[in-house]
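For reference, the structure is listed below as structure tokens.
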Amino acid sequence: MMRSTFRTPDGVTLGIEQFGDAAAPLVLLVGGTTMLSWPDALCAALARGGRRVVRYDLRDSGASTTLDPEAPAYTLRDLAADAAALARGLDDRPAHLAGIGVGGMVAQVAALDHPDAFSALTLAGTRPVAPGPADDDLPDHDAATMGRLFALPMPDWSDRAAVAEFAAAGAEVLGDDPAAARTTAERVFDRTPGTGPAVATANQMGMVFSRLDCAPRWRERLPGLAIPTLVVHGRRDLFFPVGNGEALAREIPGARLLVLERAAAAIPDTAADEVAAAMLAL
């Protein structure tokens, strides 16, 4: 694995990590929000399958550009442009684009706005509308789960142990692995630039629950997608219930739906080979 940064033509710095052969076809993984939303086991499985895997942090998370946590001055469309710029900067061939959670929203807009940059699309644990109220036909966040999640006391964002325990508690509420979430939170904290882990970590939470919008709406454009698409969703996902993934698969022509029966919001290591095989088949 190799770590570096990439600077877009708009002057945004994106933290990236690369797996596999630099000459292999590119799979670009959009974090949701941090790149570590994509587990090492899945990245390694894709690399073994003959792909160059690049995962990266969205703005305001990990090693990427950090802005004002109270007022993000960008939209999902700007984040989509970041993905396209990165794909074009890394390879002169179209990339397989994959996004998870909020990153899945970014990936949808990127594939629609920049079709020449991408050859395939994977959408994991996401939905076809922006953060905020869901469409009437889409299942919203489980109310009881969200109540428990928002009842968790905010940690001291400068305290590594407190941040890790907060992440573990949130994962337990969502039905994910608390130990894995704790380890990931520690890694995110450790790799955040020394200019302010507290701000950057708080920004990651802000991104997840933000009101980032994208006008015009993109859901109605999804039937126009003309690239092979895989939709991955955990059966036990309480943040974005599985009906969101089912709706995505219906909207996109020819999309394959892969439901992970024992997974919640995160992709567990136990499902890495299954998800990688499905992605490699696109």
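The values are calculated or read from the model by the stated rules, or taken from the named source; none is laboratory data. On a predicted model such as this, the values are computed, not experimentally measured, just so you know. Because the Cβ atoms are built from the backbone with ideal geometry, glycine has one as well, and the counts that use them run over all protein chains shown. Remember, those area values only see protein heavy atoms, side chains included, never the ligands or the DNA or RNA. Shrake-Rupley method; radii C 1.70, N 1.55, O 1.52, S 1.80 Å.
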(request) State whether one or more residues within segment 36-56 are open to solvent by less than 30 Å² (accessible area, probe 1.4 Å), assigned to a loop (DSSP other than H, G, I, E, B) and at pLDDT below 90. (result) no
(request) Considering only segment 1-24, state which residues are surrounded by 17 or more Cβ atoms within 10 Å (Cβ to Cβ), part of a loop (DSSP other than H, G, I, E, B) and out of contact with any Gly (no Cβ under 9 Å at 6 or more places or on another chain). (result) V12
(message) Of the residues L67, L86, L90, L97, only one is modelled with pLDDT of 95 or more, open to solvent by 10 Å² or more (accessible area, probe 1.4 Å) and not polar (S, T, N, Q); which?
(response) L90
(request) Take segment 1-20 and flag every residue that is modelled with pLDDT under 95 and either basic (K, R) or farther than 15 Å from T192 by Cα (or both). (result) M1, M2, R3, F6, R7, T8, P9, D10, G11, V12
(message) Only one of A215, A265, A226 is under 16 Å from the mean Cα position of the chain (by Cα) and either assigned to a loop (DSSP other than H, G, I, E, B) or more than 23 Å from A181 (Cα to Cα) (or both). Can you tell me which?
(response) A265
(request) For segment 107-117, name all the residues that are crowded, with 24+ Cβ neighbours inside 10 Å and under 23 Å from A277 (Cα atoms). (result) A107, Q108, A111
(message) What are the pairs with Cβ atoms under 7 angstrom where one residue, in segment 262-278, is in contact (Cβ under 8 Å) with a residue 40 or more places away in the chain and open to solvent by less than 20 Å² (accessible area, probe 1.4 Å) and the other, located anywhere, is acidic (D, E) and not in a helix (DSSP H, G or I)? Sequence gap at least six, or different chains.
(response) A264/D176; A264/D237
(request) Say whether the condition of being of a type outside the set (F, W, Y) and closer than 24 Å to D40 by Cβ is met by at least one residue in segment 132-153. (result) no
(request) Find the residue count for segment 247-261, including only residues that are touching a strand residue (DSSP E or B) at 6+ places or on another chain (Cβ under 8 Å) and free of Cβ contacts under 8 Å to residues at least 24 places away in the same chain. (result) 1
(request) Please identify the pairs in which a residue from segment 9-29 that is aliphatic (A, V, I, L, M) has its Cβ atom under 7 Å from the Cβ atom of a residue that is assigned to a loop (DSSP other than H, G, I, E, B) and modelled with pLDDT under 95, counting only partners at least 6 apart or on another chain. (result) V12/R59; V12/T65; L14/T8; L14/D57; L14/S64
(message) Taking the conditions exactly as written (surrounded by fewer than 16 Cβ atoms within 10 Å (Cβ to Cβ), at pLDDT 75 or above and of a type outside the set (S, T, N, Q)), does R250 satisfy them or not?
(response) yes
